[in-house]
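So the structure is just underneath, and the comments pick up after that.
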Amino acid sequence: MDYELLKTIDGPADLRRLPRTELKKVADELRAYVLDSVAQTGGHLGSNLGTVELTVALHYVFNTPEDRLVWDVGHQTYPHKVLTGRRDRMGSLRQLGGISGFPRRDESPYDTFGTGHSSTSISAAHGMAMAAKLKGENRKAVAIIGDGSMTAGMAFEALNNAGVAHGGLIGDLLVILNDNDMSISPPVGALNKYLARLMSGSFYTAAREGAKSVLKNTPLYEFARKFEEHTKGMVVPGTIFEEFGFNYVGPIDGHDLDALIPTLENLRDKKGPQFLHIITRKGAGYKLAEADPVKYHAAAGKFDPAVGFVKPATPPKQTFTQVFGEWLCDMAEADPRLVGITPAMREGSGMVEFHKRFPQRYHDVGIAEQHSVTFAAGLACEGIKPVVAIYSTFLQRAYDQLVHDVAIQNLPVLFALDRAGLVGADGATHAGNYDIAFTRCIPNMAVLTPADENECRQALYTGFQHDGPVTVRYPRGAGAGVTPVKAMTALAWGKGEVRRESHNGGQRVAILAFGTLLYPALEAAERLDATVANMRFVKPLDAELVMQLARTHDALVTLEDGCLMGGAGSAVTEALNAAGLTVPVLQLGLPDEFVEHGDVAKLMSLCGLDAAGIEASVVKRFGAKPTVVRSTATR
């Protein structure tokens, strides 16, 4: 496709100059362009194909960026990026130094709010709408929410606040529910299109407001109000949103520009909170994605659109997520008390097989991280053994519940923290850089950092047996390739192990590695002739091993794939201070900045956390002379 129309659009102003009759062709070209782009770079696919017509309609109707568009989650914004001046940069999508896969305020004025987590759009857009009122500016704020984001309590907190006046002011806010759940199938046809346009049009509004004024002080007013409410409720599922103070419109076909544009034009000219419900299909226009929207939610890398996703010729190494999924099933088979919980990440957390085999013990609570943690606490109070499978970055959203509902009560809840450390192309919003720091400071919490796949399985078993809250953190993807042993054996609680002894007769350095960085540490240690300890536990820290190494070595190096502030290295220095030991300590970890998106290996190298970087940092700090010695590493 030569993208005849699309290549003439360098911004929404160019789109708005086109006659409406050309917009269908623009949408077709845009969908093809997004598909071709993702096929070259990887990235989110199904959700973006589903928002093509909506994106075209929004930028055609609203005066963006003066009118604010706030996209929820953000993985549905590729069409938005193409239409807002970034068409020629799509080849760099999610690549190091390229454009982000999510909206970013520092990337474009059209990205009015940075989003990577879900359910924030209504709150942010409400804030923007109220700011416009306070500043006397006549502009609109639009929140586009969907893809499960309405399952989060934060979305309803925002609706509850946005639908009422504050000091006599109420924002001009439009919330668009992009409903692409195929299990919800209301009739979407001519009648619904007609009702939506009728309810959003000036005649309907004038008639309703006129009737209100006539009946205001009569006994018929309350009857008329209830009759309208329940009549609309029988036709459309909008009563709940009306109760929040929004004027509900829909549902309409989100792929029908002839329905979308006039409806948006009507809503654009209305004051106060408006709610538009649209129905879309994930993967719309690409048959393979429409047939399997879960599989085609995102592409891990390049693919041929004509063929679709194919299995690699060489089977990939087992991932930590798969290790967790297998352990969960095995543990559930052995212990009927086990219950698995996930906040809307069944596939991502490796729980598909568990769901199939133990459906009554599987709970997907939706995008509701706070609820998932307190729900687990309630189960634990009654003798159930809950396992909460949650991404490290998403646990941040349930920190209060982690402290108040689990830790203070010292409840035995196991948190399987996937995506710990850097996650690559998804960038800062999804990176699990902070869980060591924010969990180890909580009393009663235990924090385990397994070094490889087998140790991950055994750490999960160890944490499950513990009578208190535990986090077991592991990264995205594969590790060193150590095949998990089927038998489950508990690790010695709070104990690390020495994996390599230094033979250096001069200055002796000991590297204390937490997690999967053990393996680059061992590689660097071969050239440095350093001792390497696999610490395994951040909390309880193996203080005895730390003291032993401090007394027998000239310097210590702590190594972790998490933030340095308050991290595992800080735990080591705190232990040394408590013991009154003075020894030079070099702390290596992630810098005090939000690390950009890109290839994980490249990012780790830039952060100095690969073998070469570790070696260079040790040499720079302690002046150690690299030597080549016989390997004494063990596995």
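What to note about this one:
- Residue in segment 153-182 that is nearest to Ala284 (Cα to Cα), counting only those that are in contact with a helix residue (DSSP H, G or I) (Cβ under 7 Å, 6 or more places away or on another chain) and among the small types (Gly, Ala, Ser): Ala155
- Enumeration of residues in segment 50-68 that are out of contact with any His (no Cβ under 7 Å at 6 or more places or on another chain) and under 29 Å from Asp292 (Cβ atoms): Gly50, Thr51, Val52, Leu54, Val56, Ala57, Leu58
- Condition met for Val73 (touching a residue at least 24 places away in the same chain (Cβ under 8 Å) and outside any loop (DSSP other than H, G, I, E, B)): no
- From Gly74, Gly42, Gly85, Gly11, residue being modelled with pLDDT under 95, in the same structural domain as Ile176 (by TED's automatic domain parsing) and over 23 Å from Gly424 (Cβ atoms): Gly85
- Criterion (crowded, with 24+ Cβ neighbours inside 10 Å, under 16 Å from Ile144 (Cα atoms) and in contact with a strand residue (DSSP E or B) (Cβ under 9 Å, 6 or more places away or on another chain)) met by exactly one of His80, His44: His80
- Residues located in segment 349-374, provided they are within 28 Å of Ala487 (Cβ to Cβ) and either hydroxyl-bearing (Ser, Thr, Tyr) or part of a loop (DSSP other than H, G, I, E, B) (or both): Ser349, Gly350, Met351, Phe358, Tyr362
- Any hit, segment 488-508, residues being over 19 Å from Asp561 (Cα atoms), among the β-branched types (Val, Ile, Thr) and either in contact with a Phe, Trp or Tyr (Cβ under 6 Å, 6 or more places away or on another chain) or surrounded by fewer than 24 Cβ atoms within 10 Å (Cβ to Cβ) (or both): yes
- Scanning segment 290-305 for residues that are of a type outside the set (A, V, I, L, M, F, W, C) and crowded, with 18+ Cβ neighbours inside 10 Å yields Pro293, Tyr296, His297.
- The one condition in (1) at pLDDT below 95; (2) over 25 Å from Thr471 (Cβ atoms); (3) surrounded by 13 or more Cβ atoms within 10 Å (Cβ to Cβ) that Val595 fails to fulfil: (2)
- Val538 being in a strand (DSSP E or B), outside the structural domain of Thr393 (by TED's automatic domain parsing), in contact (Cβ under 8 Å) with a residue 24 or more places away in the chain and farther than 25 Å from Ala612 by Cβ: yes
- Count of segment 87-116 residues which are without any contact (Cβ under 8 Å) to a residue 60 or more places away in the chain, charged (D, E, K, R), out of contact with any Gly (no Cβ under 6 Å at 6 or more places or on another chain) and surrounded by fewer than 21 Cβ atoms within 10 Å (Cβ to Cβ): 4
- Candidates Ala398, Ala428, Ala389, Ala377, filtered to the one that is touching an Asp or Glu at 6+ places or on another chain (Cβ under 8 Å), surrounded by fewer than 24 Cβ atoms within 10 Å (Cβ to Cβ) and not in a helix (DSSP H, G or I): Ala428
- Selection status of Val600, among the β-branched types (Val, Ile, Thr) and modelled with pLDDT under 95: yes
- Residue within segment 26-37 that is closer than 18 Å to Pro262 by Cα and either in the same structural domain as Ala425 (by TED's automatic domain parsing) or touching a residue at least 24 places away in the same chain (Cβ under 8 Å) (or both) present: yes
- Scanning segment 106-145 for residues that are of a type outside the set (S, T, N, Q) and at positive phi yields one hit, Gly136.
- Residue ID - surrounded by the most Cβ atoms within 10 Å (Cβ to Cβ), chosen from residues in segment 336-346 that are at negative phi and in a loop (DSSP other than H, G, I, E, B): Pro343
- Within segment 248-285, the residues that satisfy the criterion of being under 30 Å from Pro312 (Cα atoms) and either among the aliphatic types (A, V, I, L, M) or surrounded by fewer than 22 Cβ atoms within 10 Å (Cβ to Cβ) (or both) are Arg281, Ala284, Gly285.
- Within segment 565-584, being surrounded by fewer than 19 Cβ atoms within 10 Å (Cβ to Cβ) and either under 26 Å from the mean Cα position of the chain (by Cα) or closer than 17 Å to Val532 by Cβ (or both) holds for Met565, Gly566, Val583.
- Test result for Val472, among the β-branched types (Val, Ile, Thr) and either under 33 Å from the mean Cα position of the chain (by Cα) or surrounded by fewer than 16 Cβ atoms within 10 Å (Cβ to Cβ) (or both): yes
- Of all residues in segment 291-335, those being part of a loop (DSSP other than H, G, I, E, B) and in contact (Cβ under 8 Å) with a residue 24 or more places away in the chain number 11.
- Residue within segment 513-534 that is among the charged types (D, E, K, R), part of a helix (DSSP H, G or I), within 33 Å of the chain's Cα centre (by Cα) and over 22 Å from Ala459 (Cβ atoms) present: yes
Per-residue answers, yes or no, for (1) in contact (Cβ under 8 Å) with a residue 40 or more places away in the chain; (2) closer than 30 Å to Gly42 by Cα; (3) assigned to a loop (DSSP other than H, G, I, E, B):
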{"position": "Gly566", "(1), (2), (3)": "yes, no, yes"}
{"position": "Asp592", "(1), (2), (3)": "no, yes, yes"}
{"position": "Leu603", "(1), (2), (3)": "yes, yes, no"}
{"position": "Gly608", "(1), (2), (3)": "no, yes, yes"}
{"position": "Val618", "(1), (2), (3)": "yes, no, no"}
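The values are calculated or read from the model by the stated rules, or taken from the named source; none is laboratory data. Quick caveat, the model's predicted, so the values are computed rather than measured. For neighbour counting, all protein chains shown are included, and Cβ atoms are generated from backbone atoms with ideal geometry for every residue, glycine included.
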